[in-house]
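The values are calculated or read from the model by the stated rules, or taken from the named source; none is laboratory data. Keep in mind the model is a prediction, meaning the values are calculated, not measured. Here the Cβ is made from the backbone with ideal geometry for all residues, glycine too, and neighbour counts use every protein chain on show. Please note that ligands, DNA and RNA were not included when accessible areas were found on the heavy atoms of the full protein model with its side chains. Shrake-Rupley method; radii C 1.70, N 1.55, O 1.52, S 1.80 Å.
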Amino acid sequence: MSSSRETDAIQAYYNLLHAKGADEAIMAQRDAILSELCPMLENQESTSAVYRKAVDDYLEDQPAQRWPELLTIIREFYPFWRGDVKAVMQYADTVGFELHLIGWQPAVIDLQSVWPALQAEKFATSELWALNGYVKALKSMDQKQDMDIEVRTRMAKLMLLRLRDAPLSEKNAFRITADATLPLFNLKHTRHLFLNAVREFYYFWAAHPDAEEMFRQLQPSEIM
């Protein structure tokens, strides 16, 4: 558990980025972020809880508008830091790396104004299909408290509202919207609850044929 772990993880991460065609600007962007994050991880257990706390502490000092960019890179680096060979291989075989700037962002909103109005918001049939499926799945889980269901449902509604203006060409719209919405919640506990909710809701929003089963298979969140 020394700094060599972070050094080795960074080197492995950069090697794959280079293989994917990352240019100097992309590498400099990653280097600036990891040079601040990695000292928070040194000499600690390589657990998801440690990583999540370091990320929380790091984001506190960053402007909210940068969170989507930062979270993308933080997620990319996580399996390298954990030494998760299987996850790294999955990144290498898929579109795991965001080598270009995010082009679209949801509109800026005032959460204090929008949050109460979500109860009365009207949703289209396609939106209601996803929302109702999610609520049904939540209610089927014994450990979910009524208040927890209400809050998670409202978080799903917030996602639907913010996704309405997403261009059809933006394949990462859901993730971008989640990352841009996260800093609107001031409390860390609420941010973690929001991340859990959007992970659960994603399968219903994406109209996955086995959405409820995928929902049941979800484990407690590993990272931001």
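Do the sum for the chain: with -39,500 (n - 2.57) for every DSSP H run of n ≥ 4, divided by all residues, what is the mean residue ellipticity at 222 nm, to the nearest 500 deg cm²/dmol?
On the way: 11 runs with 143 residues, N = 224.
Theoretical 222 nm ellipticity from helices: -20000 deg cm²/dmol.
HN-Hα J couplings of the stretch 199-208 from phi, Karplus 6.51/-1.76/1.60, θ = phi - 60°, integer Hz, Gly and Pro as x?
With coefficients 6.51, -1.76 and 1.60, one gets 5, 5, 6, 3, 4, 6, 4, 7, 6, 5 Hz.
Calculate how steeply helix 146-163 sits against the longest principal axis of the alpha-carbon atoms of the chain, using the helix alpha-carbon long axis, and give the answer as 0 to 90 degrees to the nearest 10.
80 degrees
Can you work out the base-10 log of I(q)/I(0) for the stretch 118-199 at q = 0.19 1/Å, using the Debye formula on its C-alpha atoms alone?
-0.89
About its Cα centre, how strong a charge dipole does the chain have in debye, to the nearest 20, once Lys and Arg get +1 and Asp and Glu get -1 at the Cβ? Don't jump to the answer; show the numbers that get you there.
On the way: 24 positive and 32 negative charges, 132 e Å.
Result for the chain is approximately 640 debye, rounded to the nearest 20.
What accessible area per residue comes out for the stretch 5-157, rounded to a whole number of Å², with a 1.4 Å probe?
On a per-residue basis, 55 Å².
Run the numbers for A206 and E121: contour at 0.36 nm per residue of separation, minus the present Cα-Cα distance, in nm. Each step should come with its number before you reach the end.
Numbers: separation 85, 0.36 × 85 = 30.60 nm, distance 2.08 nm.
28.5 nm is the gain from fully extending A206 to E121.
Evaluate the distance, in nm, between pseudo-label points positioned 7 Å from the Cα of S140 and of K86 along their respective Cα→Cβ axes.
About 2.5 nm separates the two model spin labels.
Between the stretch 4-69 and the stretch 149-224, what is the separation of their alpha carbon centroids in Å?
Comparing the Cα centres of the stretch 4-69 and the stretch 149-224, I get a distance of 23 Å.
Given 25 °C and 0.890 mPa s, how large is the Stokes-Einstein diffusion coefficient of the stretch 153-208 in µm²/s, with Rh as the Kirkwood radius over Cα pairs? List each step's numbers first, then the result.
Details: Rh = 11.5 Å.
The calculation lands on 213 µm²/s.
Out of the total accessible area of the stretch 1-148 (probe 1.4 Å, heavy atoms of protein only), what percent is carbon and sulfur? Intermediate values should be presented prior to the final figure.
On the way: 4540 of 8460 Å².
Ligands and nucleic acids excluded, carbon and sulfur give 54 percent.
Hand me the trypsin sites (Lys or Arg not before Pro) from the stretch 134-224 located in a DSSP loop with no more than 16 other Cβ atoms within 10 Å, in residue order please. Walk me through the intermediate numbers first.
On the way: sites: K136, K139, K144, R152, R154, K157, R162, R164, K171, R175, K188, R191, R199, R216; in loops: K144, R164, K171.
Qualifying residues, ordered by number: K144, R164, K171.
In the stretch 1-67, which trypsin sites (Lys or Arg not before Pro) are in a loop and have at most 14 other Cβ atoms within 10 Å, using DSSP for the loop call?
Here the trypsin sites (Lys or Arg not before Pro) that fit, given the DSSP loop and packing criteria, are K20.
Determine how many Å³ per residue the convex hull of the Cα atoms of the chain encloses. Walk me through the intermediate numbers first.
On the way: hull volume 30.9 nm³, N = 224.
In the chain, the Cα convex hull volume per residue is 138 Å³.
Listed here are the pairs K20/K53; K20/K171; K53/K136; K86/K171; which of them are more than 22 Å apart at the Cα? Provide the component values of the computation, followed by the final result.
On the way: K20/K53 29 Å; K20/K171 19 Å; K53/K136 32 Å; K86/K171 24 Å.
The answer is K20/K53; K53/K136; K86/K171.
Taking the Cα atoms of the stretch 15-82, what is the range of coordinates along each of the three principal axes, in descending order and whole Å?
Principal extents (Cα only, largest first): 32, 27, 16 Å.
So how tilted is helix 24-37 from the main axis of the chain? Cα-based, degrees 0 to 90, rounded to 10.
For 24-37 against the chain, the angle is about 80 degrees.
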